[in-house]
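The values are calculated or read from the model by the stated rules, or taken from the named source; none is laboratory data. What you see is a predicted model, and the numbers here were worked out from it, not measured in a lab. So basically every Cβ, Gly included, is an ideal-geometry build from the backbone, and we count neighbours across all protein chains shown.
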Amino acid sequence: MGLEAQVNQPFIATRMDEVINWGRKYSMWPMPFGTACCAIEFMGVVSSRFDVSRFGAELVRFSPRQADLLLVMGTITQKMAPVLKQIYDQMPNPKWVVSMGACASSGGFYDNYSVVQGIDEIIPVDVYVAGCPPRPENVIGAVVKIMEKIDRERAAVDWK
Amino acid sequence: MTQDEIVARIQSHFGARVLGTYSFRGQAAVTIAPEAIRDVLTFLRNTPELAFDMLMDVGGVDYLGYPDEDDREWRFEVAYQVYSVAKNHRVRLKVAVRDETVKVPSVWDLFGIANWMEREVYDMFGITFSGHPNLRRIMCHDEFVGHALRKDYPINRRQKLSQPSENLLCEKPEYA
């Protein structure tokens with residue numbers, strides 16, 4: 001207690017990683033990349049009944065430059081793939097990607113000439129969400145998974 | 001007017017240019033030669049009793065490997081579904097296309113909607129339309145090779161696009 005008396009202010013000691021991760025995981029800004037019905041389900045996720053803002057990820061940005069959580073929701077065609085890549089590249093680090101639903105994760109039942117068989121052919125994915133479309137609770141589950149992943153990151157070292 | 005009456009009108013008017021007719025579950029179809037399609041559609045549209053004022057769809061068919069392959073003289077067909085809003089009757093026209101070297105006359109100036117539909121048939125089957133103002137791919141990307149709905153297109157072939165397609169930007173067709 002001698003130190004507190006010296007600086008004349010209350011304080012707690014912690015690690016840099018903990019502070020950065022704490023800030024990041026409770027203030028994720030999602031960028032919705034919605035191309036199909038999963039994006040309709042996402043409206044339920046952000047609306048009052050399920051309310052992803054309880055987990056701090058309610059500030060949806062439609063500019064990739066202001067977002068750190070990319071939600072890919074829906075079928076990605078070969079024609080759309082370079083656009084998705086460009087959106088991902090435009091997001092500043094650190095950034096995380098959720099692949100929502102069967103189509104984004106594996107192409108779904110579109111096993112044909114025009115559809116990318118999973119967005120992990122183009123960009124790295126952190127969490128896959130099963131379902132066609134997934135329930136809103138599933139999507140919130142994915143956000144919590146991202147939070148757990150952020151917790152394990154050595155933020156002060158990894159993202160210089 | 002019943003389907004049979006419509007078919008009879010087309011047959012009596014065009015004679016030998018009608019290659020055949022058939023009816024399946026009350027839906028009549030008339031097969032014609034490529035060079036007759038503009039005349040037939042004009043006739044159907046401008047004859048007052050027929051008054052076919054709407055082109056519902058233009059589609060392609062690839063008969064490669066079809067059970068009757070040995071007897072068949074043409075590989076492709078282009079199918080036109082026409083409908084009369086005023087008379088509430090419809091008929092199907094099929095144009096016999098021997099192979100991909102045959103050019104089908106475009107009907108985009110008779111029915112404006114045919115512009116994009118013919119582009120789709122071109123994109124999926126590689127059937128070309130003469131006189132079309134803008135015969136480019138409409139669905140597959142610019143770097144796509146081949147035609148996806150042909151029966152000899154490998155079902156597992158994937159074709160990647162290297163950069164965002166010009167087609168995704170605002171489209172400005174150049175009409176001749």
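Looking for whichever is out of contact with any Phe, Trp or Tyr (no Cβ under 6 Å at 6 or more places or on another chain), modelled with pLDDT of 90 or more, crowded, with 22+ Cβ neighbours inside 10 Å and not basic (Lys, Arg) here; the options are A:Cys132, A:Cys103. Which one fits?
Of the residues listed, the single one that is out of contact with any Phe, Trp or Tyr (no Cβ under 6 Å at 6 or more places or on another chain), modelled with pLDDT of 90 or more, crowded, with 22+ Cβ neighbours inside 10 Å and not basic (Lys, Arg) is A:Cys103.
Condition first: small (Gly, Ala, Ser), within 14 Å of another protein chain (Cβ to nearest Cβ) and outside any loop (DSSP other than H, G, I, E, B). Now tell me which residues in segment A:70-128 satisfy that.
A:Ala81, A:Ser106
Scan segment A:10-30 and tell me whether some residue there is among the acidic types (Asp, Glu) and modelled with pLDDT under 90.
Taking every residue of segment A:10-30 in turn, at least one turns out to be among the acidic types (Asp, Glu) and modelled with pLDDT under 90.
Check B:Val85 against each of (1) touching a Lys or Arg at 6+ places or on another chain (Cβ under 8 Å); (2) farther than 17 Å from B:Leu149 by Cβ and name the one condition it does not meet.
Against the list (1) touching a Lys or Arg at 6+ places or on another chain (Cβ under 8 Å); (2) farther than 17 Å from B:Leu149 by Cβ, B:Val85 comes up short only on (1).
For B:Asn167, only one of the following conditions fails: (1) assigned to a loop (DSSP other than H, G, I, E, B); (2) within 14 Å of chain A (Cβ to nearest Cβ); (3) at pLDDT below 90. What is its number?
If we test B:Asn167 against (1) assigned to a loop (DSSP other than H, G, I, E, B); (2) within 14 Å of chain A (Cβ to nearest Cβ); (3) at pLDDT below 90, just (1) comes out false.
Can you say whether B:Gly59 is at positive phi and at pLDDT 90 or above, as far as the supplied structure shows?
Judged against the criteria, B:Gly59 is not a match.
Considering (1) crowded, with 18+ Cβ neighbours inside 10 Å; (2) more than 9 Å from chain A (Cβ to nearest Cβ), say which one B:Phe144 fails and leave the rest.
The single condition B:Phe144 does not satisfy is (2).
Could you tell me whether any residue of segment A:48-62 is more than 14 Å from chain B (Cβ to nearest Cβ) and surrounded by 19 or more Cβ atoms within 10 Å (Cβ to Cβ)?
There is at least one residue in segment A:48-62 that is more than 14 Å from chain B (Cβ to nearest Cβ) and surrounded by 19 or more Cβ atoms within 10 Å (Cβ to Cβ).
Could you list all residues from segment A:106-129 that are surrounded by fewer than 18 Cβ atoms within 10 Å (Cβ to Cβ) and aromatic (Phe, Trp, Tyr)?
A:Phe109, A:Tyr110
Determine whether B:Ser162 is small (Gly, Ala, Ser) and either crowded, with 19+ Cβ neighbours inside 10 Å or touching a helix residue (DSSP H, G or I) at 6+ places or on another chain (Cβ under 8 Å) (or both).
yes
Scan segment B:129-154 residue by residue and report those that are closer than 18 Å to B:Gly60 by Cβ and of a type in the set (Asp, Glu).
Listed by number, the list holds a single entry, B:Asp152.
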